[in-house]
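The values are calculated or read from the model by the stated rules, or taken from the named source; none is laboratory data. All of these numbers come straight from a predicted model, not from anything done at the bench. Here the Cβ is made from the backbone with ideal geometry for all residues, glycine too, and neighbour counts use every protein chain on show. What goes into the accessible areas is simple: the full protein's heavy atoms, side chains included, and nothing from ligands, DNA or RNA. Shrake-Rupley method; radii C 1.70, N 1.55, O 1.52, S 1.80 Å.
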Amino acid sequence: MTNNNYFRAGDKFKFTCHDGLQCFNSCCRDISIFLTPYDVLRLKNRLKMSSREFLNRYTRVWETSSMAFPMVIINMRAEEDKRCPFITERGCSVYPDRPWSCRMAPVDIKGKDLFGFCFDKTCCHGIGEGREWTVEEWVKNQGADIYQKMDEKFKEIPLKLEFTGFTTIDKHIKEMFFMASYDLDRFREYIFKSSFLKKFAVPTELAEKIKADDVELMKFGFHWLVNLDIRKSMEIRDEIAGR
């Protein structure tokens, strides 16, 4: 059993969350919830929105520098004590499709095989109460393992897709990264309303998959970004813009 601020994957910790706790819902305000591409996919489909509509309505883009890839973060409700827009008095309104970070909470990754709590025990009354868990048990119970698997290929992109130092080209790279990662419906239009399939020699069977399946499209987008042909992608961008 862990008795300090840090623990390993095999250590036991206690946690429970329910509406009988005084702190119920309080952890869902005034925090930064970053979204992975799979988070956005699940949420926009849950809300029956296009990716663009979801991103414009519920998120903002966060960048650390001009040489960093953009990330997506949920916009908290400024007029409601910075509460998450999906929180109601009964709890999370999108719970079955809640983001990865919400599934992991209160567990926080501190390093390789090193974990801790992302909330203070004085604020989160569920820590130290209820059932015992290992990190692996918690991840599987919360369905976070599926999210982690989807995120593996996404994490490879910044390691293999490099900026050039040329402002115009780097701006294009960022736009392609954001579109193929987060704005899937726009990416689908980019593919199927242009000469993309021909230029990138996409097999018919694969084209049918990515046209009908968001997950397949997301996976394809990750692979495409890792092997991005800047010249061809710019040609297609100009082709669409010229219509």
(request) Could you tell me which of 71, 222, 115 has its Cα farthest along the dipole of the chain towards the positive end, charges placed at Cβ (Lys, Arg +1; Asp, Glu -1), taken about the Cα centre? (result) 222
(message) For the chain, take the longest principal axis of its alpha carbons; what is the angle in degrees between that and the long axis of helix 167-181, to the nearest 10 within 0 to 90?
(response) 60
(request) Once you've got the GNM for the chain with C-alpha springs shorter than 10 Å, pick whichever of 49, 176, 104 has the biggest mean-square fluctuation. (result) 49
(message) Nearest 10 degrees is fine. How inclined is helix 144-154 to the longest principal axis of the chain, computing both from alpha carbons?
(response) 30
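Can you give the local net charge around residue 157? Use residues other than it whose beta-carbon is closer than 13 angstrom to its beta-carbon, Lys and Arg +1, Asp and Glu -1.
Here the charged neighbours net out to +1.
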(message) Student exercise: in the stretch 19-172, how many lysine pairs 8 or more apart or on different chains have Cα atoms under 22 Å apart?
(response) 21
(request) Please tell me the relative contact order of the stretch 85-126 in percent, rounded to the nearest whole number, where contacts are Cα pairs under 8 Å and at least six residues apart. (result) 21
(message) Quick check for me: using +1 on Lys/Arg Cβ and -1 on Asp/Glu Cβ, what's the dipole size of the stretch 1-90 about its Cα centre, in debye to the nearest 20?
(response) 300
(message) Between helix 214-226 and the chain, what is the angle of the helix's C-alpha long axis to the longest principal axis, kept within 0 to 90° and rounded to the nearest 10?
(response) 70
(request) Whole Å is fine, so just give me how far the alpha carbon centre of the stretch 41-57 lies from that of the stretch 108-165. (result) 23
(message) Among (i) 18.7; (ii) 20.4; (iii) 19.9, only one was calculated for this model; which label is it, if the read-out is Kirkwood radius over Cα pairs in Å?
(response) (iii)
(request) Give, as a single signed number, the net charge of other residues whose beta carbon lies under 15 Å from the beta carbon of residue 128, with Lys and Arg counted +1 and Asp and Glu -1. (result) 0
(request) Considering only 144, 68, 201, give the residue with the highest GNM mean-square fluctuation for the chain, with springs between Cα atoms whenever their separation is below 10 Å. (result) 201
(request) Might you report the magnitude of the Cβ-based charge dipole of the chain about its Cα centre, with Lys and Arg at +1 and Asp and Glu at -1, to the nearest 20 debye? (result) 340
(request) Check the cysteines of the chain one by one and keep only those with no other cysteine Cβ under 4.7 Å from their own. (result) 17, 23, 27, 92, 102, 118, 123, 124
(request) Express the accessible area of the chain per residue in Å², computed with a 1.4 Å probe while the remaining protein chains stay in the model. (result) 57
(message) Can you tell me, using C-alpha contacts under 8 Å and at least 6 residues apart, the relative contact order of the chain as a whole percent?
(response) 25
(request) Excluding residue 216 itself, calculate the net charge of residues whose Cβ lies under 13 Å from the Cβ of residue 216, where each Lys or Arg counts +1 and each Asp or Glu counts -1. (result) +1
(request) Given the options 203, 106, 70, state which has the largest fluctuation in a GNM of the chain using a 10 Å cut-off (strictly under) for Cα springs. (result) 203
(message) Computing the accessible area with a 1.4 Å probe over protein heavy atoms, can you report the carbon and sulfur percentage for the chain?
(response) 50
(request) Compute the relative contact order of the stretch 121-243 as a whole-number percentage, counting only Cα pairs closer than 8 Å that sit 6 or more residues apart in sequence. (result) 30
